[in-house]
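The values are calculated or read from the model by the stated rules, or taken from the named source; none is laboratory data. Since the structure is predicted, the reported quantities are computational estimates derived from the model, not experimental observations. Glycine gets a Cβ as well: all are built from the backbone with ideal geometry, and neighbour counts include every protein chain shown. The area values use the complete protein model at the heavy-atom level, side chains included, leaving out ligands, DNA and RNA. Shrake-Rupley method; radii C 1.70, N 1.55, O 1.52, S 1.80 Å.
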Amino acid sequence: MTYKDPTCALCPSTVQACKHGEAEARGPGFCPSKVDPATIADGWSFYDDAETLKIAQVSARVEAEGYCKWTRVEEIVEFSKRMGFKKLGIANCIGLIEQANVLSRILESHGFEVVSVSCKAGNIPKEDIGLKDGEKIKPGAFEPMCNPVTQAEMLNRHGSEFNIVLGLCLGHDSLFFKYANGLSTVLVAKDRVLGHNPIAALQLVDTYYSRVWGPLKPETKAKKKPAKTRERA
């Protein structure tokens, strides 16, 4: 079979040769090392950049030292300290403003300067981006648009060195990443149905959330890891 694109998602848990330094020898036909070794080499060349190399090194050290010990909030604090950042930015959903307040105070307690911008900044009505009244969550009422581009630009102009996304809506987060100048990370991924725990839909795909399957659902169930197997992420 000829493979044109890498498809790591299909790699069996019994293979995953890249974890053992054996991708070229044992990787499946769809392994990136088999399908597109040129891009592997090109990607590696970017680490010649001093800043990129530093980010990679600090990330790996934080991962190793805090593995299964530090919460993601603690990882953000440690990463920011080791990177030498002084000013951090929070781009939050207005529905999570209480959590943004707590996060801001935590970061400030570690000596960081914090700038935060909620998604409704500018209070621009959704009609101004072409939405009809019937396309709003609550027709007949004033409803401001989420404004991730302004959030990003506000953090850019106010000197954020590292942005923390806190529950921006799908698509809005994409626009934020597109326009943010600094490095960005996600603390909370928005999922109103699952209490902002979107991975639950994947873990329960063959039971409670089977509705996520499309009309081309495969006949076999989604593959699962052995119950007692625990792999490093």
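Descriptive notes on the structure:
- Restricting attention to the range 1-45 and to residues that are among the hydrophobic types (A, V, I, L, M, F, W, C) and free of Cβ contacts under 8 Å to residues at least 12 places away in the same chain, the residue that is surrounded by the most Cβ atoms within 10 Å (Cβ to Cβ) turns out to be ALA23.
- Pairs where the first residue, in the range 46-71, is farther than 17 Å from GLY84 by Cβ and the second is outside any helix (DSSP H, G or I), C-beta under 8 Å, 6+ apart: TYR67/ARG232
- Only residues that are at negative phi, of a type outside the set (Lys, Arg), open to solvent by 50 Å² or more (accessible area, probe 1.4 Å) and not in a helix (DSSP H, G or I) were counted in the range 47-90, giving 4.
- Wholly enclosed strands (runs of 3 or more DSSP E) of the range 91-192 bearing at least 2 residues open to solvent by 60 Å² or more (accessible area, probe 1.4 Å): 113-118
- Qualifying positions in the range 111-146 - in contact with a Gly (Cβ under 8 Å, 6 or more places away or on another chain), of a type in the set (A, V, I, L, M) and farther than 16 Å from HIS172 by Cα: VAL114, VAL115
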